[in-house]
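Inspection log for the structure reproduced underneath, given as structure tokens.
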Amino acid sequence: MSDDLEPTTHTYFIRTFGCQMNVHDSERMAGLMAEAGYKAVDNPAHASVILVNTCTVRDKADQKALSDLGRLRQHKKENDGVILAVTGCMAEREQENLHRLMPEIDLIAGPSQVRNIVPMLKDVTPGKGVRLGKLYSLPEMTTPPAVRPEGVCALVTVQEGCDKSCAYCVVPRTRGPERSRPVSAIFEEVSGLVAAGYREVTLLGQNVNAFGKNSGHGDSFGDLLRALNGIDGLLRIRFTTSHPNDVDEGMIKAMAECPKVMPHLHLPIQSGSDAMLARMERGYTVAEYRMWITRLRAALPHVAVTTDLIVGFCGETARDFEETLSIVDECNFDGAFCFIYSPRPGTPAHKWEDIPPRELSVERFHRLDERLNALVLSKNQERVGKIEEVLVERYDSSQKRISGRSPQFRHIRAVIDDHSLSPSPGDLVSIKIETCTKAGLEGKIIEKSLLA
Ligand code: SF4
């Protein structure tokens, strides 16, 4: 970091790693810092408080955060008054080790402590020992202020934590038990976002469709979708990440009957082999997963289904992998995130030794990736010549080009050649698709919807 820069008081900088939940946790911490009078800076060298919001879903995420912290601790050594804080899932999982490894860190607190960030920072005296924010004291599910990027799409966390225990996953140990916010608080927050110009919300949860379970307020996920569908001015509702065991008829009916709920479900299957699903302790079988997809497609024929897949998990045989390849074709996914299994300390599977050789997992990863890319490309090719309704998210005036998403979450771009149309972010437009790649579709704007 350039040394000619001095940290100025009451300024903060947040570096974020990981998933959308972490991105929104950082937006919330920024909201609380701003509310407490801190000013955001976009260079850590300018900040009196540096927050690193970490992820630990795979080893690579740990390494990225640790190398960033390595640079920041050097800066802190040269600037006594600076507070260096580490939050997020790696902070929760590695509190003591992090403190031993980097005694310069002043605050280490897990994701459950996001709402307490300001009082915890006030508790810190730079360089005078570490403040640990432990998982066990779960703050009330209030609605912290959030600093969101300008735009028409906003993230809204509705559920936190996870009660499941997948053998490879560290989340239950870093984010705690499942808990849901009251529908009334979410309704109020989303209404406020619409008033502020946002047109689409993505509802976030570790298991977002477990919303309402064990929360005592008795509202289900389907109830939440129906409530938000009633907000005037809101155009689109999306949600992620769902768990197959929390899919139910109420959710499917709400998706089918609420026009603002987009016909896209991200439903991680992880493997096409029952043996692997049992070993992963996912809690469902391929047949049960297939049943929910069939029910969903019966209710919503145009729904897009995307998923997550892990290869190279403990004990994975060639047959298990072939079953994963076939389930991709059989479920005809619209997209997927594929990962090679990464052992995580603190998880049941961490000590299991029957992990397939790395080179075999890499070879399987590439075969799966190829199969998925071919499937996604063929699906995009089917859209050529069709009309897609797109919520304009970006307008690039230099390129005279807009971009946004279809209801099925396909990424779509279009050049504006008829200036009478000239849409802006937040508008709904109809685009005739002319070309495609596996990454998305391209076309021509033919109409601007009067809806927006
Ligand atoms: S459902 Fe499984 S993979 Fe998802 S957060 Fe919970 S433990 Fe992790």
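Screening MET291, MET255 for residues that are under 21 Å from the mean Cα position of the chain (by Cα) and either assigned by TED's automatic domain parsing to the domain that holds GLN408 or over 22 Å from ASP369 (Cα atoms) (or both) leaves exactly one candidate, MET255.
Could you list all residues from the range 306-346 that are closer than 18 Å to THR241 by Cβ and open to solvent by 30 Å² or more (accessible area, probe 1.4 Å)? Correct list: ASP334, ALA336, PHE337, PHE339.
Considering only the range 200-216, state which residues are in contact with a strand residue (DSSP E or B) (Cβ under 6 Å, 6 or more places away or on another chain), away from the ligand (no atom under 16 Å from the Cβ) and not in a strand (DSSP E or B). Scanning the range 200-216 gives GLY212, SER215.
Tally the residues that are hydroxyl-bearing (Ser, Thr, Tyr) and either at pLDDT 95 or above or not assigned by TED's automatic domain parsing to the domain that holds LYS432 (or both), restricting the search to the range 376-417.
Taking the range 376-417 and keeping what is hydroxyl-bearing (Ser, Thr, Tyr), we get 378, 395, 397-398, 403, 406.
Checking the rest, the ones that are also either at pLDDT 95 or above or not assigned by TED's automatic domain parsing to the domain that holds LYS432 (or both) come to 378, 403, 406.
Summing the residues that are hydroxyl-bearing (Ser, Thr, Tyr) and either at pLDDT 95 or above or not assigned by TED's automatic domain parsing to the domain that holds LYS432 (or both) in the range 376-417 gives 3.
Please note which strands (runs of 3 or more DSSP E) are completely contained in the range 59-157 and include at least 1 residues that are buried (at least 16 other Cβ atoms within 10 Å of the Cβ) and of a type in the set (Val, Ile, Thr). Full working, then the answer.
On the way: elements: 83-88, 107-109, 131-133, 153-157.
Where strands (runs of 3 or more DSSP E) fall fully within the range 59-157 and carry at least 1 residues being buried (at least 16 other Cβ atoms within 10 Å of the Cβ) and of a type in the set (Val, Ile, Thr), they are 83-88, 107-109, 153-157.
Of all residues in the range 163-177, those satisfying the criterion of being part of a loop (DSSP other than H, G, I, E, B) and open to solvent by 20 Å² or more (accessible area, probe 1.4 Å) are ASP163, LYS164, SER165, TYR168, CYS169, PRO177.
When SER180 is tested against (1) within 16 Å of the ligand (Cβ to nearest atom); (2) within 23 Å of THR54 (Cβ to Cβ), only condition (2) is not met.
The values are calculated or read from the model by the stated rules, or taken from the named source; none is laboratory data. The model shown is predicted, which means the values in this text are computed figures rather than measured ones. All Cβ positions, even for glycine, are placed from backbone atoms using ideal geometry, and neighbour counts span all protein chains on display. Side chains are part of the model used for accessible areas, which takes the heavy atoms of the whole protein and leaves out ligands, DNA and RNA. Shrake-Rupley method; radii C 1.70, N 1.55, O 1.52, S 1.80 Å.
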